[in-house]
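Undergrad: First, the structure itself, so that you have it in front of you.
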């Protein structure tokens, strides 16, 4: 005897269900069920995961949805379940998808189905309606409106006919509560009277009884109220996936309360409906069968494989020099053969078509990830990296051994991403395209807020705790409390406070539960005209439909997804190129300005084609080696600047290696140090075996790249690259690794390798194999890295303007403004007539010669001081886009009165602009202080009434400076101006924020960032600055290290806080903006120095600052012993692998 | 009728259905099919800990209404409400009714 649950909500019913589909399926399988349904609320959010779990456990999947029903006015009347018919060649599933999409359509506004929509959905008889305890019928019963209940039931029968079932759920709640025996029996009798068959369910919300408490918390989170105030809590905690035995007992009980045969009939009918709804994953769902847009949509009128072959062969002569053609043709033949075998030709053509659309829009585009390994991708214009030149393996991307569609990720300008989406919808047809979604899950901070609200804790208590939680999962809350010094005070409070203990229990229960669905930042699904039969969609917020499926669902459902990633750096580069062209509108002018010795990559109109810029420019590498790489893609973080300083890149391949080394795996598994030692010749490179020299020579014997792991496997076992990649993916996976190890050892032995060589090689593979980086990915990344550094070296003003405009990096904008000072680029103040809403480069009429900047410039380029960057009307506090637009439309203005009359600014913005000095250039006999006083004296109703304002195109009558502005006799100090700028723009533009601390800190022996570099290793110093970055990378051995970077106006200082120092700095580490730090210098390379912190203070609390002779104080903290970084690596795969998975850093599949 | 929460011994079938009761030193038999329901428990008002995996019994009380008669000797039929706590596996007497109540009404 077996019972099939037909009404089951998973955790993907956000703020309702508790258990994942996998947990539910596992529970059903353990009970011996043959099938299991999933009927999430409002969508099929958990459907694919459910089917996958069912197949894994040998259960038959059943899919349905729980939807609201709406009356004529769009008001919800109740909820029903729709089940899809199985074994119908997908007709049932398609009807289900369409019904769900209809429920989300924007008319009517409420989510759900009207009677008309339902009638439409039920046409064809592919959906079964289950009317249960949430239906309008049950609600009427509960309200004792029996006639209404009967009438509603009659109406349903008329609507759904033979596809109607009454669904009885019995939670044995107290009399007169939902799911009580009384109501269940009554509903069952009504069904019998009206000759409607009934099924039994348990209206499941959690896999086991323990989930009931979590369901309470979710009910509360859903309505954003405390449990005490909640109107309808669950009647009890019985909504779990009960066993067949328990369900049979419930049926018997219902039989006793009505008629015994009713109980038996319930069980039989449930299984009949289950059989009707049993899905065949292949014929109903198209499981794992990719569906590609029709050939005519991608402009192909011959077999796709032939088209692909012709296009790529034609591109060889166009893109490659003749001497590379033969090798390319051989490689191309191999790639095409694999693609043909897998039948993926039209997939490649589809991607090429999409990239073509993007290029036609004039948007910068480049492929990232393993896609750069493919020559086909290069020849189709999808990738800009020639895999032959960088020795990249196609099998890392695709092989006959790997049958799922490969991921091709495309980077585009972030600012134009939505435009691209629109174009794709237009070109492929809206019926073939949808956006991908993603499920946002609870993390610690959100969980603590919702748990606290549910428990009815004081809002201030909740806020206080929530803001201390910093990026860890809620499930490790207790662990974090005991480990993290900045949570010590909280841990103390928690230890003897039951309320807070319960809060943590509740928080841990919410951990990782899906919270809401959102548009995935880059996924676009492309398919043929049947797409909306295969995925339900809902509005995305940008006006385009979004699939309810996420990235994990794509392969299973045969949905092709392109990752079209908006990359701000691409926008910044595009902006930079446009600024260069605007300032220097001819090829020769650009060449002169940028100090370019050759100009074959500069068009006559001044446009620089970066793809033709040679990758060996000496001044670019000089800039990179200087470590002044703020703003440069991938190499601007403190850690990267340190690595760059040590590695001193000389050529493009060095950048690839640098980017690949700067990953958690290599950093933690100690690959960096040996590499650097061999690179700089401090230690001779050692190779595991002479056969491996070709594979490992470029990294001096250290295994850095996935491609190298594949080569090692191939050389030692002769397995071929396709298998090698498959084996590589299995490294670090406890289920697969033993088998791989056996294979490796036996094959290598059979090929005659010495036992010691085999042992050493296996240690490398097991230890590092899964943590390396895909070289193709590194190469794809290194291109924008190089381009951004090239632009910074040759066109620093335009580059910085681009960086300010699009803010692509990790740092706050104010640091990038500081960088302008270090580059000796004048920061031009906001000006009513000169500023726009963009950061623009301006030629300076009378340049003052500036000294050579700290940040190197390409020789021959324009010297600093000739161009400045004008601040823009953006990000001014409380100034709306509309106000900005009106202000710009009215430029130029000739007086304050003119501004007030024509610019249509709110009083507040007017005052803010006066405070920021925007009107300074209009003030003849007055100063900024006068303008501020004047702006504050204005009555709220200044300006002329709207109907007298000039309309668009009309000119205002020049009135002249008719306002009389009184002289206030005040002057603003530099410090006041900086304060105002920080308050209103979050920028310190007129001077550095730290300038105002020069005086208060004068008595202390403060060292500046520029001076640090000249100090010896191990010097003890005090430094002060504004925090610009905080990072806590996962660390080997579980000891957390916190990196804090501060900017003191002369540069960045990177300080490392080890665990013992974290202990006595406590909350200061994360909550303080301005820091005074005591530390010792640690030289990291010829151009790099950082601090090992020993103590820290808050600059806002001068009373806590140390004495002037602190550095002589014998009681000051001393540097303690640190584990040497070249200590032997003792871990194999376990701990690090687990840690990286936990942090989502596993790169094996990337 | 009175309200109690005092201990009571209940012997059950393997399926967890009460069979016999021992209360205040006397044994009782069930004279009708017992009626079971699960009463809402407002755990958030009780300051109880709710760790993950605590199991059943936090969100509701398992209640049984039993019609009893003395196992031996004479005596009136009467009804009691008892509750079972899966956390402690203990039975408590919650209520006695002076006369037999209809079950499952």
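Undergrad: Mind telling me which of the residues A:208, A:216 ends up being under 13 Å from residue A:17 (Cα atoms), within 12 Å of chain B (Cβ to nearest Cβ) and surrounded by fewer than 21 Cβ atoms within 10 Å (Cβ to Cβ)?
TA: So the residue among A:208, A:216 that is under 13 Å from residue A:17 (Cα atoms), within 12 Å of chain B (Cβ to nearest Cβ) and surrounded by fewer than 21 Cβ atoms within 10 Å (Cβ to Cβ) is A:208.
Undergrad: Still on this structure, I have one more. What's the number of the condition residue A:292 fails, among (1) touching a strand residue (DSSP E or B) at 6+ places or on another chain (Cβ under 9 Å); (2) assigned to a helix (DSSP H, G or I); (3) under 24 Å from residue A:535 (Cα atoms)?
TA: (2)
Undergrad: Moving on. Considering each residue of the stretch A:710-745, count those that are touching a residue at least 24 places away in the same chain (Cβ under 8 Å), outside any loop (DSSP other than H, G, I, E, B) and more than 17 Å from residue A:772 (Cα to Cα), and give that number.
TA: Total satisfying the criteria: 8.
Undergrad: Moving to a separate point now. Identify all residues within the stretch A:78-95 that are in contact with a strand residue (DSSP E or B) (Cβ under 8 Å, 6 or more places away or on another chain) and in contact (Cβ under 8 Å) with a residue 60 or more places away in the chain; write none if there are none.
TA: A:78, A:81, A:83, A:84, A:85, A:86, A:92, A:93 - these are the residues of the stretch A:78-95 that are in contact with a strand residue (DSSP E or B) (Cβ under 8 Å, 6 or more places away or on another chain) and in contact (Cβ under 8 Å) with a residue 60 or more places away in the chain.
Undergrad: If you go through the stretch A:16-34 one residue at a time, do you hit one that is over 22 Å from residue A:243 (Cα atoms) and buried (at least 24 other Cβ atoms within 10 Å of the Cβ)?
TA: no
Undergrad: Select from the stretch B:28-45 the residues that are assigned to a strand (DSSP E or B) and more than 7 Å from every other protein chain (Cβ to nearest Cβ) and write down the one among them that is nearest to residue A:232 (Cα to Cα).
TA: B:35
Undergrad: Just a yes or no: is a residue in the stretch A:745-762 under 23 Å from residue A:398 (Cα atoms) and crowded, with 16+ Cβ neighbours inside 10 Å?
TA: There is no residue in the stretch A:745-762 that is under 23 Å from residue A:398 (Cα atoms) and crowded, with 16+ Cβ neighbours inside 10 Å.
Undergrad: Determine which member of the set A:900, A:814, A:863 is in contact (Cβ under 8 Å) with a residue 40 or more places away in the chain, more than 25 Å from residue A:1029 (Cβ to Cβ) and out of contact with any strand residue (DSSP E or B) (no Cβ under 7 Å at 6 or more places or on another chain).
TA: Unique residue meeting the criteria: A:900.
Undergrad: Given the condition part of a loop (DSSP other than H, G, I, E, B) and at the interface with another protein chain (Cβ under 8 Å from one of its Cβ atoms), answer yes or no: does some residue in the stretch B:71-80 qualify?
TA: No, the stretch B:71-80 contains no residue that is part of a loop (DSSP other than H, G, I, E, B) and at the interface with another protein chain (Cβ under 8 Å from one of its Cβ atoms).
Undergrad: Here's another thing I want to ask about it. May I ask you to verify whether residue A:348 is modelled with pLDDT of 90 or more and farther than 21 Å from residue A:653 by Cβ?
TA: In short, yes.
Undergrad: Continuing with the same structure: Among the numbered criteria (1) in a loop (DSSP other than H, G, I, E, B); (2) under 14 Å from the mean Cα position of the chain (by Cα); (3) surrounded by fewer than 19 Cβ atoms within 10 Å (Cβ to Cβ), which one does residue B:52 miss?
TA: In the conditions (1) in a loop (DSSP other than H, G, I, E, B); (2) under 14 Å from the mean Cα position of the chain (by Cα); (3) surrounded by fewer than 19 Cβ atoms within 10 Å (Cβ to Cβ), residue B:52 misses (2) alone.
Undergrad: Residue A:541: in contact with a strand residue (DSSP E or B) (Cβ under 7 Å, 6 or more places away or on another chain) and modelled with pLDDT under 95, yes or no?
TA: Yes.
Undergrad: Another question, then. Restricting attention to the stretch A:213-230, which residues are farther than 27 Å from residue A:129 by Cα and either over 37 Å from the mean Cα position of the chain (by Cα) or part of a helix (DSSP H, G or I) (or both)?
TA: A:213, A:214, A:216, A:217, A:220, A:221, A:223, A:227, A:228, A:229
Undergrad: What's the number of the condition residue A:851 fails, among (1) within 29 Å of residue A:916 (Cα to Cα); (2) in contact with a strand residue (DSSP E or B) (Cβ under 8 Å, 6 or more places away or on another chain); (3) at pLDDT below 95?
TA: (2)
Undergrad: Kindly establish whether residue A:106 is in the same structural domain as residue A:181 (by TED's automatic domain parsing), out of contact with any helix residue (DSSP H, G or I) (no Cβ under 9 Å at 6 or more places or on another chain) and surrounded by 20 or more Cβ atoms within 10 Å (Cβ to Cβ).
TA: no
Undergrad: Also, I was wondering about something else. For the structure I just gave you, tell me whether residue A:222 is within 14 Å of chain B (Cβ to nearest Cβ) and either under 25 Å from residue B:35 (Cβ atoms) or in contact (Cβ under 8 Å) with a residue 60 or more places away in the chain (or both).
TA: So residue A:222 fails the test.
Undergrad: Shifting gears a bit: Determine, yes or no, whether residue A:496 is within 14 Å of chain B (Cβ to nearest Cβ) and out of contact with any helix residue (DSSP H, G or I) (no Cβ under 9 Å at 6 or more places or on another chain).
TA: yes
Undergrad: Do the conditions hold for residue A:239, that is, is it crowded, with 16+ Cβ neighbours inside 10 Å, closer than 20 Å to residue A:5 by Cβ and modelled with pLDDT of 95 or more?
TA: yes
Undergrad: Mind telling me which of the residues A:83, A:70, A:96 ends up being surrounded by 22 or more Cβ atoms within 10 Å (Cβ to Cβ), in the same structural domain as residue A:169 (by TED's automatic domain parsing) and touching a helix residue (DSSP H, G or I) at 6+ places or on another chain (Cβ under 7 Å)?
TA: Unique residue meeting the criteria: A:83.
Undergrad: Let me ask something else about it. When only residues in the stretch A:995-1012 that are surrounded by fewer than 16 Cβ atoms within 10 Å (Cβ to Cβ) and outside any helix (DSSP H, G or I) count, which is farthest from the chain's Cα centre (by Cα)?
TA: A:1003
The values are calculated or read from the model by the stated rules, or taken from the named source; none is laboratory data. All values derive from a computational prediction rather than experimental measurement. Ideal geometry is used to build each Cβ from the backbone, glycine not excepted, and the neighbour counts take in all protein chains shown.
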